[in-house]
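Undergrad: Okay, here's the structure, questions in a sec.
The values are calculated or read from the model by the stated rules, or taken from the named source; none is laboratory data. Everything quoted here is computed from the prediction, not taken from an experiment. Don't worry about glycine lacking a Cβ; one is built from the backbone with ideal geometry, like all the others, and counts go over all protein chains shown. Each accessible area value is taken on the protein alone, full model and side chains, heavy atoms only, with ligands, DNA and RNA left out. Shrake-Rupley method; radii C 1.70, N 1.55, O 1.52, S 1.80 Å.
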Amino acid sequence: MASTQDAWYISLLGLAEHFRTSNPPDIKSCIQCLQAVFNFKPPQRVEARTHLQLGNILLTHTKNIDLARTHLEQSWFLSQSINAFDDVKFEAASVLAELFEQQGQPTHSKPILRKAIELSQKSVYWHCRLIFQLAQIHATEREYEVASSLLAVGVDYAQIANAAYTRVLFLLSRVMLLLIDKKIQEVLPLLNQAGHLVESWTGSPHQKEYLKVFFLVLQVCHYLMAGQVKSVKPCLKQLQQSIQTIMAPTWPDDDAVCGSAAGESFVWMSRQQLYVLVYLVTVMHSAQAGYMDKAHKYTEKALAQIDKLTSSGCEEGKSGGARSGAVLAWRLRMALVEHSALCRLVTGGKANALHEIARAAHLLAVAPTPGSAAAHTPQLHCLLGLYAMSMNCMEAAESQFHTAIQMSQERDLWMFAKLNLAIVYLRGRRDNDLAQLMEQVRPEALPAYAHGLRAASYYVLGLQAFFQARYNEAKRYLRETLKMANAEDLNRLTSCSLVLLGHIFLSINNSRESMNMVTPAMQLASKIPDVHVQLWASAILKDLYRLAGDTERENEAYQMHCNYSQALLKDHFQATQLPQHVLVQWTSGPPPALPPSLPPPAALSNPT
């Protein structure tokens, strides 16, 4: 029978729980009851658990972060020496480490998690969860090698603990980090190993399908990073089929997918988050392949799906919680808006592109973490550079590209910005600046995996040779671009190369070859649709028909050229009148305050 003292604190804990779960919750009374428990000098176990409860409630329902941290620190300190007290001990460590990270103090988080990992060797669930958490912190800090080695430890531990599902999650998470770190040579053997484990899976069919989606997302990203748009198609199709299976009404919830085995209570993302992610990689593929209308359509559907997630609260993940779910939703939204802006620029919609860029600037202003904003700011400057180029604001374009290069730690973005900066120098006839820059972005200076960037580099070299009237050299570079672009269905590069070759042949009075280049360029540009290439091609066609004495077709081409030109001029004027145009002058600090941008879309469909 409980002593009188025991009865007091047991009653207080019960009363606190009553206040917490009442409708509406009475949080103030709940906190008062929990604080009163300490007056009765309860056993160490009760004291540690009460400190944890108070810390969690203060974090969730109040803004008193310092007091919450104090309670969590007390719980972690008291519980370390208590045996068979895993849930309290390791939850206190996990929540406290997450709080320090949120406050921008990851150096405080790391020793707590390392100690907790050391103490949790016999608790499979907590040991795995804490390894995931510490690896995530190192990854956020861009300490990819440390994070990768931690995940490798997780792979080995899960195998010893017979947690087969979690072993594959650790392995796929490691592949993801290596992709982010551009360690492409290390990616392939691990990706193949993971693929074999998924293919030969004999456990739960639901776990197999879930792991398959994770694997296919990484495989698709691996191809897209390299600009291998054609090679990725079979994988992307499989991924789209798998996500339909997972999104079926008969599919169980995430808890059922995890199962009841110790150490297997993890999902990488909820199925709703995976659904948006598949939309995103589909958008990335469409944009790289040059199907801009398709990319825009999927972007709107994906953004609508994110709105649905956030409004219903479904963004919360099993192992991450509401905060990490909100961060993920923000990152997915940001990536989609960036792609939407890029597509608008290609199709000649500068005013719409500016709205999307402003939308991205607003997202930066409400970023859930400083790290999230820092990661996307260089990309926004790069988009502003492209917008400024399309508006012939060359000084602003140069400033934006320089800002992106200085701020970015991503080599691929750095190279993309430099290639576009080279075009700015070309158009400004700044030969000395261009010569220095081209040494850094020549195809042989680019990573072997970067197929798309290397093809683009050959195109810029071809453009440079054309401007300098070195036509044979220009043709050689452009044929290399065409070979690489055709091999992987990089349609925009193909159309740009064809029209430039058409211009070269016109310049050397080879009308027949010029027509052979410009006609397919126009057809391809119409499919994208790329208004700038269409404008360029129609101007060449007009000259070709004039030289051939075909007045009727010359007039048709002239009218076509006028239509494209007028549409672009009208759009150019609209963009200059928008208040968001001031963004081209922004190169430091947070984005300037802007009026609201376009309203969010409200359409929903499947990505296939």
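Undergrad: Taking only the range 543-563 into account, find how many residues are surrounded by 20 or more Cβ atoms within 10 Å (Cβ to Cβ) and not aliphatic (A, V, I, L, M). Before you say what the answer is, go through the steps one by one.
TA: Taking the range 543-563 as the starting set, the residues that turn out to be surrounded by 20 or more Cβ atoms within 10 Å (Cβ to Cβ) are 544-545, 557.
In the following step, the residues that additionally are not aliphatic (A, V, I, L, M) were identified as 545.
Selection size over the range 543-563: 1.
Conditions tested, residue by residue: (1) part of a loop (DSSP other than H, G, I, E, B); (2) farther than 19 Å from Arg492 by Cβ.
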{"residue": "Asn392", "(1), (2)": "yes, yes"}
{"residue": "Thr403", "(1), (2)": "no, yes"}
{"residue": "Gln406", "(1), (2)": "no, yes"}
{"residue": "Met415", "(1), (2)": "no, no"}
{"residue": "Leu437", "(1), (2)": "no, yes"}
{"residue": "Ala448", "(1), (2)": "yes, yes"}
{"residue": "Ala469", "(1), (2)": "yes, yes"}
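Undergrad: Can you name the residue in the range 273-307 that is of a type in the set (D, E, K, R) and closer than 18 Å to Ala360 by Cβ and, of all such residues, is surrounded by the fewest Cβ atoms within 10 Å (Cβ to Cβ)?
TA: Looking at the filtered set, the residue picked out is Asp307.
Undergrad: Looking for whichever is over 23 Å from Gln305 (Cβ atoms), open to solvent by less than 50 Å² (accessible area, probe 1.4 Å) and hydroxyl-bearing (Ser, Thr, Tyr) here; the options are Ser173, Ser270, Ser260. Which one fits? Lay out the reasoning, then the answer.
TA: Details: Ser270 fails: over 23 Å from Gln305 (Cβ atoms); Ser260 fails: open to solvent by less than 50 Å² (accessible area, probe 1.4 Å).
Answer to the selection: Ser173.
Here's the yes/no breakdown for (1) in contact (Cβ under 8 Å) with a residue 60 or more places away in the chain; (2) touching a Lys or Arg at 6+ places or on another chain (Cβ under 9 Å):
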position: Gly227; (1), (2): yes, yes
position: Ala248; (1), (2): no, no
position: Ala262; (1), (2): yes, no
position: Leu274; (1), (2): yes, no
position: Tyr291; (1), (2): yes, yes
position: Gln305; (1), (2): yes, no
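Undergrad: Taking the range 472-491 as the region of interest, how many residues are part of a helix (DSSP H, G or I) and under 14 Å from His451 (Cβ atoms)?
TA: 8
Undergrad: Could you tell me which numbered condition Leu594 fails, if it satisfies all but one of (1) at pLDDT 60 or above; (2) assigned to a loop (DSSP other than H, G, I, E, B); (3) open to solvent by 60 Å² or more (accessible area, probe 1.4 Å)?
TA: (3)
Undergrad: Now for a different question. Quick one: which of His71, His127 is without any contact (Cβ under 8 Å) to a residue 24 or more places away in the chain, crowded, with 17+ Cβ neighbours inside 10 Å and assigned to a helix (DSSP H, G or I)?
TA: His71
Undergrad: Kindly provide the set of residues from the range 416-442 that are under 21 Å from Ala289 (Cβ atoms) and not polar (S, T, N, Q), ordered by number.
TA: As a first pass, look at the range 416-442 and keep what is under 21 Å from Ala289 (Cβ atoms): 416, 419-420.
Phe416, Leu419 - these are the residues of the range 416-442 that are under 21 Å from Ala289 (Cβ atoms) and not polar (S, T, N, Q).
Undergrad: Right, Lys28: among the basic types (Lys, Arg), over 24 Å from Asp86 (Cα atoms) and surrounded by fewer than 20 Cβ atoms within 10 Å (Cβ to Cβ) or not?
TA: Yes, satisfied.
Undergrad: Look through the range 253-272, keep the residues that are more than 14 Å from Leu211 (Cα to Cα) and in contact with a helix residue (DSSP H, G or I) (Cβ under 6 Å, 6 or more places away or on another chain), and return whichever of them is modelled with the highest pLDDT.
TA: The qualifying residue modelled with the highest pLDDT is Gln272.
Undergrad: Just give me the residues in the range 82-104 being among the aliphatic types (A, V, I, L, M), open to solvent by 10 Å² or more (accessible area, probe 1.4 Å) and either farther than 30 Å from Pro370 by Cβ or touching a residue at least 60 places away in the same chain (Cβ under 8 Å) (or both), in sequence order.
TA: Ile82, Ala84
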